[in-house]
């Protein structure tokens, strides 16, 4: 968790990788690294809490990496391999429990595999409130509540759809991105009074008003039509997208960010066909807000956190490809609400690039829809909801194992 540790040190947040005393905390945020958006949402929420209530002790942990690093790495590798090589199989696995709860036996298997020592970690930090941004982490904490741990658990859903894996009777409150997810949870048996619509937590830097020309100056770009290519923190699909976009390099600037995917970054940097003054290849960057502001269009898969950040910035989205399951649902939501357009093949992708260059006003409707939608997703809503739990539901004490 290098990135988390570094941002934590800069913002006063305690992390498992930081040199801090692992004593009691007020709020423990838990996530997993199966897709970096979950952790980025937790980071944004943690920073918002610290900015609002600096006296609170806040800890953020990716549970699998902390408790079972080797097993976690194997599961992550298997997950990435499946979505690349057998996407239809993953779609089937995802769809099996999309509209029904995880069976107890599957929750037990997950607990034994990743979270057998979670109780020790909980006893170390003795949190007054646990906030989870990943369904696996929620499942692990819910299992402890079944055993009698008097924890309070808040689950933050980080997609524009609800999946049965998010739902557990032990969750005290759900923070959801849109009203439709509230409705899905109710259909899955969650009481409406336990659900709040708050949007997906996004870092406040994406909400800062800016100027595209100034942003281009800050990142060293010319004042020329610019496409930013993203693939989430794992850089999924960026190699293919930049190759398809490169034919337009004489007419527009192309910036591709490969995230933490060093293999794709090195491969693109070594490709002679991409050595052009209008093509910029980035790895992980802390200046994503600036790059989004500098762009006329963001080309990406429909990861909910990335898309929420783009909406906050008001930069139009062009969606291409998706991880089967949740991202396909995200894409349907974004396109149907006029927050993005979609290309299904290279021919359609070229048509949208031509629109950007010849008829840039074509994307103005998306910008206007984004600006209206921003009213529903401000990060302060999720921060306020978490802090409300700290005030309205005082701790009932902590159970020490016999």
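Figures for the structure shown
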| read-out | value |
| --- | --- |
| Any hit, the range 100-110, residues being surrounded by fewer than 16 Cβ atoms within 10 Å (Cβ to Cβ), outside the structural domain of residue 327 (by TED's automatic domain parsing), closer than 30 Å to residue 260 by Cα and over 23 Å from the mean Cα position of the chain (by Cα) | yes |
| So residue 355, is it surrounded by fewer than 21 Cβ atoms within 10 Å (Cβ to Cβ), without any contact (Cβ under 8 Å) to a residue 60 or more places away in the chain, touching a helix residue (DSSP H, G or I) at 6+ places or on another chain (Cβ under 7 Å) and assigned to a helix (DSSP H, G or I) | yes |
| Scope the range 318-343; condition under 23 Å from residue 90 (Cβ atoms), outside any helix (DSSP H, G or I) and modelled with pLDDT of 95 or more; matching residues | 319, 320, 340, 342, 343 |
| Single residue of 131, 141 found to be in contact with a helix residue (DSSP H, G or I) (Cβ under 7 Å, 6 or more places away or on another chain), within 23 Å of residue 46 (Cα to Cα) and surrounded by 22 or more Cβ atoms within 10 Å (Cβ to Cβ) | 131 |
| Residue 299 being in the same structural domain as residue 370 (by TED's automatic domain parsing), buried (at least 24 other Cβ atoms within 10 Å of the Cβ) and farther than 15 Å from residue 236 by Cβ | no |
| Cross-chain or 6+ apart pairs with Cβ under 9 Å, the range 61-85 first and without any contact (Cβ under 8 Å) to a residue 12 or more places away in the chain, then surrounded by 14 or more Cβ atoms within 10 Å (Cβ to Cβ) and not in a helix (DSSP H, G or I) | 84/236 |
| So residue 13, is it within 30 Å of residue 302 (Cα to Cα) and at pLDDT below 95 | yes |
| Given (1) modelled with pLDDT of 95 or more; (2) not in a loop (DSSP other than H, G, I, E, B), index of the condition residue 171 fails | (2) |
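The values are calculated or read from the model by the stated rules, or taken from the named source; none is laboratory data. For clarity, every value in this text was computed on a predicted model and none was experimentally measured. No Cβ is skipped: glycine too gets one built from the backbone with ideal geometry, and neighbour counts run over all protein chains shown.
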